[in-house]
Amino acid sequence: MLDLKFIRENPDAVSASLASRRNSTVDIDAILGADETRRKLQHEMDQLRAEQNKASQEIGRLKKAGQDASALLSAMHDLAARIKDIEERSTATEAQLNESLLVIPNLLHPSVPVGADEAANRVERVVGQPRTFDFEPKDHVDLGEALGIFDFEAGAKLARARFNVSKGLGARLERALINFMLDIHTGEHGYTEILPPFMVNSAAMQGTGQLPKFSADLFKIAGDYDLWLIPTAEVPLTNLHAGEILDEKLLPIYYAAHSPCFRSEAGSYGKDTRGMLRQHQFNKVELVKLCKPETSFDELDKLAANAEVILQRLELPYRVMTLCSGDTGFSAAKTYDIEVWLPGQNKYREISSCSNCTDFQARRANLRFRRAGAKKPEYVHTLNGSGLAVGRTVIAILENYQQPDGSILIPEALQPYLGAERIGKA
RNA sequence: GGAGAGGUGGCUGAGUGGUCGAAAGCACCGGCUUGCUAAGCCGGCGUACUCGCAAGGGUACCGUGGGUUCAAAUCCCACCCUCUCCGCCA
């Protein structure tokens, strides 16, 4: 959520930033109009209430003294009706204003390239060399099915399309990667491991920005519950301190969690239908930071670097992109996508997305801190990034480490976790 | 699932219709005092919106949302949450 005061004072800058995003149709003037109406009503109501409070005290005094208060009482009866009327209008205007504010995306950072779609994303760095094959490399589906470690048909039978069953070393590979990633982030990068709920309520979803605008992307729990399956552990992690005023000394806070992620993938019918690149359920290790505003962009660089370490240890080639204005997500001011090389597709594909959401989520989640000696609390800045998407890491390992006989060599750093040097016949 | 208790400021906890944004204690901050540490005394100490150059003022908030009333932390209704006991269960 944007700061209404900031919109009021910088309407042009806000409009310009929003216009450079994809599909942004925000009527700033309507919002400012509603804001003015609300403030006028609010002010009027405050004054009438002041009058009412004064009179009510007088009534109390008269009654206590055994005197007649009926004249004042009937006057107050009318005043109460007027207040109620204004209150209803004020509440309605405020609700409408809030509704509008909740669907406005974050302001973009000046370093974000302006552009309509991913073609305008900026390459920050390319790390590692894609391997050259002296045979035709297969994709992870052919490799995995031949090895007997994936069963997409079973996934479809048990649930529906976009679900997979991993078996044997395939299942163990996911578990190994989760432990590998968490060990590095907690042991070397200073993150505190969290095991969060995999379902959250609407307030949490609103805090990080999934609701109210993107409910179609989520799975809602049926029945008399206000619960949704998390699309990422970012939601529980970022909301962990919602509503609190944190002591400055606690910042920055680094959290890491593994969770399954559930996404309806509405609107991506026909896209990435093959294999497990785009599933309704996938594992991810997520990194979240809460920090002071002045450090958040440094923290973003460090966050991306933390995610990159995983790819480096696994010796997988990748590149880092800064998403352009049209490609940057709703809550983010700036996003780096880390893309791993996939020989099966002959392309770089996203394996991590690291964003600085500045105070956007903090305002929604009412997530603040107080500086030593300061009177007013301030909103923290929140960041999140995948460290990494586990399913896609499995794909990358299979495709990059495949051998002519269809077996998969396991990156050295991961071997102790998997308890094997190779998947498939040696 | 059955029975009961309860949700008040950072914490403990008083307050059952009017002068309560809320006693008291603890914690915290400032000052004074005391030859150290400790203790004592005085003062301060929630959040948001709003008016004002400021000093300062106004309004709202006692789990959430409604209702009754001139007036609600206090009465009524619904919901959420926590705790205890019984049952069931990984």
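The values are calculated or read from the model by the stated rules, or taken from the named source; none is laboratory data. Keep in mind it's a predicted model, so treat the numbers as computed, not measured. Cβ: placed from backbone, ideal geometry, glycine included. Neighbour counts: every protein chain shown. Only protein heavy atoms, including side chains, enter the accessible area calculation; ligands, DNA and RNA are left aside. Shrake-Rupley method; radii C 1.70, N 1.55, O 1.52, S 1.80 Å.
Some notes on this structure:
- Residue among A:ASN384, A:ASN356, A:ASN366 that is in contact with a Cys (Cβ under 8 Å, 6 or more places away or on another chain), in the same structural domain as A:TYR191 (by TED's automatic domain parsing) and closer than 19 Å to A:TYR255 by Cα: A:ASN384
- Filtering A:ARG319, A:ARG263 for residues that are assigned by TED's automatic domain parsing to the domain that holds A:PRO197 and farther than 21 Å from A:GLY209 by Cβ leaves a single hit, A:ARG319.
- Condition met for A:ASN10 (at positive phi and either of a type outside the set (Val, Ile, Thr) or touching a Ser or Thr at 6+ places or on another chain (Cβ under 8 Å) (or both)): no
- Restricting the stretch A:367-396 to residues that are over 17 Å from the mean Cα position of the chain (by Cα) and part of a loop (DSSP other than H, G, I, E, B), the residue that is surrounded by the most Cβ atoms within 10 Å (Cβ to Cβ): A:PRO377
- The residues on offer are A:ILE104, A:ILE83, and the sole one that is open to solvent by less than 80 Å² (accessible area, probe 1.4 Å), more than 30 Å from A:ASN23 (Cβ to Cβ) and touching a Leu at 6+ places or on another chain (Cβ under 9 Å) is A:ILE83.
- Candidate set: the stretch A:217-243, residues that are of a type in the set (D, E, K, R) and more than 18 Å from A:ILE194 (Cα to Cα); chosen: the one modelled with the lowest pLDDT: A:ASP224
- In the stretch A:70-91, the residues that are basic (Lys, Arg) reach residues that are open to solvent by less than 100 Å² (accessible area, probe 1.4 Å) with C-beta atoms within less than 8 angstrom, at least six apart or across chains, in these pairs: A:ARG82/A:LEU48; A:ARG89/A:LEU41.
- Condition check for A:ARG160: in contact with a His (Cβ under 8 Å, 6 or more places away or on another chain), assigned by TED's automatic domain parsing to the domain that holds A:ILE410 and of a type in the set (D, E, K, R): yes
- Selection within the stretch A:318-366 - touching a helix residue (DSSP H, G or I) at 6+ places or on another chain (Cβ under 6 Å) and within 16 Å of RNA strand B (Cβ to nearest atom): A:ARG364, A:ALA365
- The stretch A:33-71, residues that are away from RNA strand B (no atom under 11 Å from the Cβ) and buried (at least 16 other Cβ atoms within 10 Å of the Cβ): A:ALA34, A:THR37
- A:PRO113 more than 9 Å from RNA strand B (Cβ to nearest atom), touching a residue at least 40 places away in the same chain (Cβ under 8 Å) and closer than 30 Å to A:ILE7 by Cα: yes
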